[in-house]
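Encoded as structure tokens, the structure appears first; notes follow it.
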Amino acid sequence: MFPGILAELLAADEPRGRRPQPANDPLTPKEPHFPPTAKRVIFLFSTGGVSHMDTFDYKPRLFQADGRMMGAGGGLSLEQRPLLRPRWPFRRGGRCGTLVSDLFPNVRERMDDICLINSMTTDNNEHFQATLAIHTGSFFFARPSMGSWISYGLGTFNQNLPSFVVIAPYLPYAGTQVFANDFLPAYHQGTRVLPGREPIANLRRPSPPTPLPTAARGDRLQQLELGLARAFNQGHLNRNGNDSELAARLRTFETAYQMQFEAPEVFDLSRETNETLRLYGVDRNDTQSFGWQCLVARRLAERGVRYIELIDTGSSNNWDAHSDMAAHEPLARKIDRPIAGLLQDLKRRGLLDDTLVIWTSEFGRTPGQDGARGRGHHPAVYSTWLAGGGIKGGMVYGKSDDIGATVAENPVHVHDFHATVLHLLGFDHERLTYRHAGRDFRLTDVAGTVMDDIIA
């Protein structure tokens with residue numbers, strides 16, 4: 001009896017690709033508050049606190065004052081520490097001539113596309129809190145991540161892929177909270193991809209049980225199972241009113257099913273040219289490097305994913321160089337060429353114009369020595385950069401003082417940073433809100449000023 005009933009049901013089932021999306025699909029593309037300059041974001045996060053004065057913030061006085069005892073806590077401490085000279089020389093890059101250290105020689109050549117911010121500031125010198133803040137706008141409490149807010153505000157162009165993807169071989173400080181949805185509906189949380197042979201677990205469809213009629217095997221059987229589950233769940237949802245968790249679970253089933261057809265192709269680099277692979281520094285058999293992450297990010301971006309985050313290290317063996325700044329060198333070597341390749345590839349494909357690329361860390365490092373030849377945590381000022389998506393390239397915004405200890409000009413708080421990102425995507429950050437627990441929450445909490453001077 002079962003095979004016969006199954007065959008009848010399958011015969012009535014609609015072919016894949018023609019099934020209508022559920023009514024009021026929350027991930028349907030939405031219009032922002034005003035015309036955007038960016039349609040999507042690629043967020044590059046270097047965990048651990050990258051030293052600004054060893055990478056993007058040239059401080060000649062530090063080269064001259066190496067070893068001198070000066071207050072180097074940026075107003076955070078009265079402790080006297082010997083100043084530590086930058087380990088790498090700085091050179092001018094691009095036509096704009098922005099100074100960048102030898103840690104990033106390839107990114108240095110792309111500075112005409114980059115707006116460098118040398119006046120970022122945050123409120124906490126602990127990794128967990130600062131990492132949480134740059135991702136969610138909150139220092140101490142779990143809140144929706146920026147990627148979740150953008151998914152909530154914009155939806156997605158491609159119903160066969162998630163709106164928010166995180167490529168993370170290891171979790172950073174604050175763990176999964178950096179891509180969590182918190183009180184936003186669950187379909188806005190980030191989908192984590194693990195570089196390797198199977199980037200998303202269980203992506204390939206299982207073989208059907210036997211014996212079954214030929215028509216009931218493979219894709220058709222899975223459609224039936226999903227349709228049956230959808231019918232039961234939808235009936236339960238209709239009887240129980242507005243259950244956002246159940247609605248999110250229903251939408252997750254749909255996305256998971258569609259991903260089985262499109263996602264494997266996204267992670268398959270076999271059709272990329274040798275020249276493109278070289279641009280990212282990727283070997284054809286590579287499935288794990290940061291170059292692979294960057295190339296997959298470009299492929300996700302061109303297929304309509306709204307927000308893609310790449311995390312280059314986890315909560316160990318990262319940029320947290322307390323004992324010796326030499327630890328920065330292998331980490332920079334791993335990401336420099338792939339990031340430059342990503343910018344060049346996006347630009348030549350016409351994607352950089354409406355793709356906002358961001359690189360940042362959670363905070364910077366002290367001008368004064370910490371450990372034998374290292375630097376301590378430094379939230380008072382650090383460097384971040386943005387490219388594409390309506391940003392003015394070839395410029396430096398903001399300044400630190402002459403030893404990189406405090407902001408000297410145009411401070412950019414985490415809330416200002418988030419307000420500007422949302423503005424480029426077409427949102428008034430004060431109006432992108434979600435009511436929870438009796439109040440309207442937003443990514444920028446109760447602060448945030450858009451950096452108009454860096455917008456083209």
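Throughout, read-outs are computed from the coordinates displayed, never taken from laboratory work. Remember, it's a predicted structure, so these values are computed and weren't measured experimentally. Cβ placement follows ideal geometry from the backbone for every residue including glycine, while neighbour counts extend to all protein chains displayed.
For this structure, a couple of remarks:
- For a straight C-alpha distance cut-off of 17 angstrom, the lysines reachable from LYS399 (same-chain residues fewer than eight places away being disregarded) are LYS59.
- Once backbone amide H atoms are built at 1.01 Å from N, ILE455 has LYS392 as its partners under 5 Å, excluding neighbours fewer than 5 places away on the same chain.
- The alpha-carbon of LYS39 sits under 14 angstrom from the alpha-carbons of these aspartates and glutamates, leaving out residues fewer than 8 places away in its chain: GLU31, GLU302, ASP353, ASP354.
- In sequence order, region 162-175 has phi-based couplings of x, 7, 9, 10, 10, 9, 9, x, 9, 7, x, 4, 6, x Hz under the Karplus curve 6.51 cos²θ - 1.76 cosθ + 1.60, θ = phi - 60°, and Gly or Pro positions carry x.
- For region 358-404, the equivalent ellipsoid derived from the Cα gyration tensor has semi-axes of 26, 12, 8 Å, listed largest first.
- Intensity falloff of region 349-456 expressed as log10 I(q)/I(0), Debye formula with alpha-carbon point scatterers, at q = 0.10, 0.13, 0.21 Å⁻¹: -0.38, -0.61, -1.14
- For region 388-417, backbone nitrogen atoms closer than 19 Å to the point 7 Å from GLN64 Cα along Cα-to-C-beta are found at 400-406, 408.
- Rg/Rh for region 81-146 (Cα atoms only, Rh after Kirkwood) is 1.12.
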